[in-house]
Amino acid sequence: MSVREINEADFEAEVVKAEGTVLVDVWAPWCGPCRMLGPVVDEVAEENAALKVLKLNADDSPRVSMQFGIEAIPTLLVFKDGKLANKSVGLISKAAILDLIK
């Protein structure tokens, strides 16, 4: 499945009301580690067809960032059936992402 960009307006419908596992990559275009993590997240999305993978620009979505206590990026949020199940802050490996979504 390909990675899609969402915003605050889409967040509830795309994440909170979604069934199954959703990985949200909270990033910003000016963030070097975010740009490094992006291709890894893309790879995870391509290899896991059942996983819904979304990108959320932190600069454009301050309410979501506040709601989930995001103080640094990149942050990965894992939701299972609309509930926050896991969270990771900073640049992590593909293996660590796969562990995060289990």
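Any read-out appearing in this document is the output of simple, stated calculations on the displayed coordinates, not a laboratory observation. As the structure is a computational prediction, the values presented were derived from the model and not from experiment. Neighbour counts run over all protein chains shown; Cβ positions are idealised from the backbone, glycine included.
Candidate cross-link partners of Lys94 among the lysines, defined by an alpha-carbon separation under 17 Å and a same-chain spacing of 8 or more, comprise Lys52, Lys55, Lys102. Across Phe68, Phe11, Phe79, mean-square fluctuation computed from a Gaussian network of the chain (C-alpha pairs under 10 Å connected) peaks at Phe68. Counting Lys and Arg as +1 and Asp and Glu as -1 over every other residue whose Cβ lies under 13 Å from the Cβ of Ala13, the net charge comes to -2. Computed over the Cα atoms, what is the radius of gyration of the chain divided by 2.2 N^0.38 Å, N being its residue count? The value comes to 0.94.
Note on Lys102 and Glu12: the extension gain reaches 30.2 nm, defined as 0.36 nm multiplied by sequence separation minus the Cα-Cα distance.
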